[in-house]
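The values are calculated or read from the model by the stated rules, or taken from the named source; none is laboratory data. This structure is a prediction, so every number in the text was calculated from the model and none was measured. For neighbour counting, all protein chains shown are included, and Cβ atoms are generated from backbone atoms with ideal geometry for every residue, glycine included.
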Amino acid sequence: MKIDSYRNQNWLESLLSYVWGAHFSDIARSNQIKIIFGKKAKRRLGSIGLDSNDPSISIIRINPIFQDMEVPQFVVVATIVHEMTHYAHGFNSPLQQKQQHPHRGGVIKQEFAERGLEYMYLEQQTWLKENWPRILDKYFAPTTHRSSTRSVKVILPWWMPRL
């Protein structure tokens, strides 16, 4: 599905610039950072990695489903804050790595809170829980994302014939 909106490369770059200036001005920009739309995904909202052609460049990839106008801008901003937290913690950046695992111990939520953005973290989580399955139905076959139904294995007694 092709999406026509103002949510393009320039928009992404302006959001990164806003997030950096408003919320991460205390973090040194130790290398070039790019932001692009990555692959469409059901569970991955964003990621940060090193450019395979030039490992001195960090690249933030954002789910292109975020170009859909039904996705509120605060969800996209919160995703960028999440990826910038990884950068600030030394994951896929030249900065000193602060811990061994990027999510362990609730460090992402803690960083949002320390930057006065816990409300954004909570709003994003709430919006995703209430709306993301419906958005995914527009871009993937409705039965392809995980259902809440579980199969139950019935153990038959030894004396009952198995069919």
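In the stretch 97-115, the residues that are in contact (Cβ under 8 Å) with a residue 60 or more places away in the chain form Cβ pairs under 9 Å with partners that are surrounded by 13 or more Cβ atoms within 10 Å (Cβ to Cβ), at six or more places apart or across chains, as follows: Arg115/His23; Arg115/Phe24; Arg115/Val81; Arg115/Thr85.
Scanning the stretch 9-30 for residues being of a type outside the set (D, E, K, R), modelled with pLDDT under 95 and surrounded by 13 or more Cβ atoms within 10 Å (Cβ to Cβ) gives a total of 2.
Among what's in the stretch 35-63 and is small (Gly, Ala, Ser) and not in a loop (DSSP other than H, G, I, E, B), pick the residue that is farthest from Gln125 (Cα to Cα). That would be Ser58. Asp26 meets all of the listed conditions (1) touching a residue at least 12 places away in the same chain (Cβ under 8 Å); (2) over 27 Å from Leu128 (Cα atoms); (3) not small (Gly, Ala, Ser) but one, namely (1). When each of Glu83, Glu70, Glu118 is tested for being among the acidic types (Asp, Glu) and in contact with a strand residue (DSSP E or B) (Cβ under 9 Å, 6 or more places away or on another chain), the lone residue that passes is Glu83. Phe74 fails exactly one of the following numbered conditions: (1) assigned to a helix (DSSP H, G or I); (2) at pLDDT below 95; (3) in contact with a helix residue (DSSP H, G or I) (Cβ under 8 Å, 6 or more places away or on another chain). What is the number of that condition? Result: Phe74 passes all but (2).
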